[in-house]
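What follows is a short report on a single structure.
The values are calculated or read from the model by the stated rules, or taken from the named source; none is laboratory data. Note that the structure is predicted; figures quoted are calculated from it, not measured. Because the Cβ atoms are built from the backbone with ideal geometry, glycine has one as well, and the counts that use them run over all protein chains shown. Remember, those area values only see protein heavy atoms, side chains included, never the ligands or the DNA or RNA. Shrake-Rupley method; radii C 1.70, N 1.55, O 1.52, S 1.80 Å.
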Amino acid sequence: MALTPLSEDSRLPSLTLPQLLLAAYTALTVIALVYAASTSSAAFGAYNSQWDGTDELRTVAANAGANVTVGTNVSQYQASDPDDTVAVVLSPAEPYSSSERTRIAEFVRSGGTLVVADDYRPHGNALLAAVGAEARFDGRPVYDNRNYYRNASLPEATPVGNYPETAGVDTIVLNYGTTVRAGNATTLVTTSEYAYLDTDGNGELDGEEQLASRPVVTSESVGDGQVIAVSDPSLFLNAMLERGDNRRFVMNLVADHDTALLDYSHAGSVPPVAAAVLAMQRSDVLLLFCGVVLVGALFAYDRRLDESLRDRFREERSSEPNPHLSREGVKKYLRARHPDWEAAQVERVTEAVIKQRPERQRND
């Protein structure tokens, strides 16, 4: 009894509408989970693409020609060449430990450039003091009722003199920032003479508050390195990079450095997927382990696929149905190969196939 080969379409699994909906829902859920695990909503987050994130900072640094490293551990300062590296610290949410401050201070004294941007938190000033810089953040909001972007809390500041950090910059825009008490540091950017520090917090010029031009960006040499203080970390936010010449100013800070180390070690958690990728980038052993696991998985899958193809090839060459098929499976097999058979004939042949199985198993 010759059996015709099973058509290609009959080998394809058929899914019901509920199964298709479940598959689509599962796929969307997986995509959503992966996206959530690879992004962040934290303010100043390196993987936050919203207006208050700084994921665009990585693009700006890369466009400036630097190799960008997202730092999650202070030990990465030691892995960088200080002479060719600029490190950027944005409003640390937690204090650096004594040993961490020592590492960063060594990085600066050895020739590294450190940019510290902060306003009201105390940890920026503690870091400036630890590395030996004289500049300090004032901590009071600065307003300007005459020179501003949209309102007095977004004052415009202008460069002083000709410095590489302010080349091509006419105006930078702050966002509820403060000012810098420069000490012996060099002032790079100042507010206009109509700016004032809001001491009492009412957003108005009153009492002993005075109009004056005040530094908002300073630079100073410490050892063989350089420390730049920026009195508003918001300047680095995705939205604020588009205000004034902020983008050009940030690019200038990174320019002429081979490496830009964006220090997020004390600025909140990094998304799990991003943390895993960063961990593999820093560890050759972990990268090798993941590679071995991946190759092993592909090899195992390849063997299973190869066995599946061989089984299908044997089944198609066989003149009889698969001996492991159930009674209903045998009927379905016969109907597919002999669509002209009547139900009674399919039933007889099915019964004969089922009866032959015990005898074959005994012969085997």
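Values computed for the structure shown
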| item | result |
| --- | --- |
| Search result, residues across segment 195-212 that are in contact with a Phe, Trp or Tyr (Cβ under 9 Å, 6 or more places away or on another chain) and not polar (S, T, N, Q) | 195, 196, 197, 198, 203, 204, 205, 209, 211, 212 |
| Residue, modelled with the highest pLDDT, within segment 252-281, restricted to residues that are surrounded by fewer than 20 Cβ atoms within 10 Å (Cβ to Cβ) and among the charged types (D, E, K, R) | 258 |
| Yes/no for residue 89 being open to solvent by less than 10 Å² (accessible area, probe 1.4 Å), part of a strand (DSSP E or B) and under 17 Å from residue 246 (Cα atoms) | yes |
| Count - residues of segment 50-86 that are in a helix (DSSP H, G or I) and either under 25 Å from residue 126 (Cα atoms) or open to solvent by 10 Å² or more (accessible area, probe 1.4 Å) (or both) | 14 |
| Failed condition for residue 176, given (1) among the aromatic types (Phe, Trp, Tyr); (2) touching an Asp or Glu at 6+ places or on another chain (Cβ under 7 Å); (3) at positive phi | (2) |
| Residues that are surrounded by fewer than 17 Cβ atoms within 10 Å (Cβ to Cβ) and at pLDDT below 95, drawn from segment 100-132 | 120, 121, 122 |
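Let's see how each residue does on (1) more than 34 Å from the chain's Cα centre (by Cα); (2) under 21 Å from residue 225 (Cβ atoms); (3) free of Cβ contacts under 8 Å to residues at least 40 places away in the same chain:
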| position | (1), (2), (3) |
| --- | --- |
| 99 | no, yes, yes |
| 111 | no, yes, no |
| 127 | no, yes, yes |
| 133 | no, yes, no |
| 172 | no, no, no |
| 195 | yes, no, no |
| 199 | yes, no, no |
| 207 | yes, no, yes |
